[in-house]
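All remarks here apply to the structure that follows.
The values are calculated or read from the model by the stated rules, or taken from the named source; none is laboratory data. Please read all numbers here as calculations on a predicted model, not as lab measurements. Cβ atoms come from the backbone with ideal geometry, glycine included; neighbour counts cover every protein chain shown. Just the protein is used for accessible areas: all its heavy atoms, side chains included, with ligands, DNA and RNA removed. Shrake-Rupley method; radii C 1.70, N 1.55, O 1.52, S 1.80 Å.
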Amino acid sequence: MIEKLNKPIYVTQPAMPPLEEFTELLKQIWNTKILTNNGPFHQQFEQALADYLGVKYISLFSNGTLALITALQALHISGEVITTPFSFVATTHSLWWNNIKPVFADIEPDYFNLDPEKVEAAITPQTTAIMPVHVYGNPCKLERFQHIADTYGLKLIYDAAHAFGVKKDGKSILNYGDLSILSFHATKVFNTIEGGAIISPDEKTKKRIDYLKNFGFADETTVIAPGINAKMNELQSAYGLLQLKYVDRYIKKRKRIVTTYREQLKGIEGIRFLEDIKGVDHAYTYFPIFVDAKVYGKTRDSLYEELKSHNIFGRRYFYPLISQFPAYRGLTSSRKDNLPIAEKAAEQVICLPIYPDLSMDIINLITSTIISFHSRPIQQ
Ligand code: T4K
C-alpha cells in the first residue's frame, strides 16, 4: 500500500533566488525610486539575459502572452496563421487578439511538435505566417520550417515559451525564425514571477518591438503605432537578474529528476516518455508521460485520479486541445480527423511534477504509484 502524502505535490513549484539577495536589490530600487520604464535593472537584465541565452537582441515583456501578441503586431501579420492545437491556449489566443484566423495543423508523433508536412499542406493564399511551438522545450524541425517559410514567403514566429536556454549543436534555438517568444511565468524553468521576452534578429526589429511594448512611443512626442503597455518592471528585472545566477543549478537538478524518472519508469508497459535529442542541450521544462490505456491496463484519466488520491497533482498539458475550446472548435481545421496525432497525445498525456526542490523520496512515491496502479486489477 502506497502512502498518501500529507502535503500536496504540484506539477511545479517556482525556483526562487535567496531572499536576502533580493532584499539588497530592493533597497536600491527604494533609493532610486525608478520602478519601471526601462530602468537600470531592466537594462542590466536585458543585456545579461542576451549574453546568457546566446542571442543578440532581446526585449523584455511583462508576460509571454503580450510578447506573442506584440510579435504578431511587429511583423504586421494578418489573414491566416498555421499553428499547433497542442499547446497552451495563449499561443492561439495571441492570433485571436490580432484578428488573425488560426489554422490548425497536426503534430508529429515523436516530440509532439507541429508537423512541417502538414503545415505545407495547409497553406492557402491567405496564409501569412507559421507559428510553431517548441513543445516541452524540444526543438521543432528548424531547417524544414525555415525552408517552407522561405519557399512560400511566410513569416516564422516561434512560441519558445518552454525553450529557455535550449541549444541545438551548441547554438540557441531562439535565433531561428523571424522572432521567438519566451515566457518567464512562475511555472517555468526560469521565472521572473510573470514575464516574457521577444528575441529579434536585428537591432531595427528590436527597436520597433521596444516602441510597441511602450504604447508605441519612439520619443516623448512621437508615437509610431498603436502600441500596448507590456513592459517588465524594475522589481521583476532585479529578480530576473538574480535568477540568472542560479538557473544553471535549477536545470542541473531538473536533469537529475528526469534521469531518475526515466530509470524508474523504464519498462512499464503502456507508459511512454521522451528521451533527450542528440545534439540538444535541454532545459527539462516538463516531464510528460503518455499512457496507452490498452497496454497499461488503465486509462490516462484513471491514473491521473489515482495520483491525485495520493496528493500528487500532475497536469494534462495539453488537454483539451486548443482546437476544442469554444472560440476555435467551429473552424474547419479543428475537425478531429484533421488532427489525429494531436487528439491522441491530448488523450494520453500527464505531466509529472518536476522542479528543483522535488525530493527523490517523492519521485519514488510517484513512480511506485504508477507501477502499482499498473499491476492492480481493474475493480468491477
Ligand atoms: N505559450 C506557451 C506554449 C505556454 O505554455 C504559455 C504559458 C504561454 C505561451 C503564455 O506565457 P505567459 O503569458 O503565461 O507568460 C500555467 C501557466 O500560467 C502558463 O504560464 C503556462 N504556459 C501553462 C503551461 O501553465 P496553469 O493554469 O496550468 O498554472 P497553475 O496556476 O495551475 O500552476 C500550476 C501549478 O504550479 C499549481 O498547481 C501550483 C504551482 N504554482 C503555480 C504558481 C502560479 C506554484 O507553486 N506557485 C505559483 O506561483 O497555467
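Under the definition of Cα pairs under 8 Å and six or more residues apart, what whole-number percent is the relative contact order of the chain? Walk me through the intermediate numbers first.
On the way: 760 pairs, mean separation 88.1, N = 380.
So the answer I get is 23 percent.
Sorting the segments 243-252, 365-374, 104-113 by their mean number of nearby beta carbons within 10 angstrom, highest to lowest, gives 104-113, 365-374, 243-252. Taking the Cα centre of the chain as origin and assigning +1 to Lys and Arg Cβ atoms and -1 to Asp and Glu Cβ atoms, the resulting dipole is close to 480 debye.
Among A327, I312, I341, whose Cα lies farthest out toward the positive end of the dipole of the range 312-370, if unit charges sit on the beta carbon of Lys, Arg (+1) and Asp, Glu (-1)? Of A327, I312, I341, it is A327.
Computed over protein heavy atoms with a 1.4 angstrom probe, the accessible surface ordering of D210, D361, largest first, is D361, D210. Where the alpha-carbon atoms of the range 247-289 are placed on the principal axes, they occupy 34, 20, 14 Å, in descending order.
Just for the chain, what percent of DSSP beta bridges are antiparallel, to the closest 5?
Working: 25 of 41 bridges.
Around 60 percent antiparallel, to the nearest 5.
Counting only residues at least eight positions apart within a chain, or on another chain, the aspartates and glutamates with an alpha carbon under 15 Å from that of K27 are E234.
Surface composition of the range 7-166: carbon plus sulfur atoms hold 58% of the accessible area, using a 1.4 angstrom probe and ignoring ligands, DNA and RNA. Within the shell defined by Cβ-Cβ distances under 13 Å, the residues around D150 carry a net charge of -1, with Lys and Arg each +1 and Asp and Glu each -1.
If packing is taken as the mean number of other Cβ atoms within 10 Å per residue, what is the order of 137-150, 342-355, highest first? Each step should come with its number before you reach the end.
Working: 137-150: 18.1, 342-355: 21.4.
Going by the mean number of other Cβ atoms within 10 Å, highest first, we get 342-355, 137-150.
Per residue, how much accessible area does the range 113-255 have with a 1.4 Å probe, in Å²?
Normalised by residue count, the accessible surface of the range 113-255 is 40 Å².
Taking the Cα atoms of the chain, the ratio Rg/Rh between the radius of gyration and the Kirkwood radius comes to 0.98. The residue among T260, P288, V247 whose Cα reaches farthest toward the positive pole of the charge dipole of the range 237-309, with charges on the beta-carbon of Lys, Arg, Asp and Glu, is V247.
For K255, the aspartates and glutamates whose Cα falls under 13 Å of its own Cα, not counting residues fewer than eight places away in the same chain, are E263, E275, D276, D281, D357.
For the range 20-62, divide the Cα radius of gyration by the Kirkwood radius and give the resulting Rg/Rh value with two decimals. It would help to have the intermediate numbers written out before the result.
On the way: Rg = 11.8 Å, Rh = 11.5 Å.
Reported Rg/Rh (Cα atoms, Kirkwood Rh): 1.03.
For the chain, the mean residue ellipticity at 222 nm estimated from helices alone is -12000 deg cm²/dmol, where every DSSP H run of n ≥ 4 contributes -39500 (n - 2.57) and the total is divided by all residues, rounded to the nearest 500.
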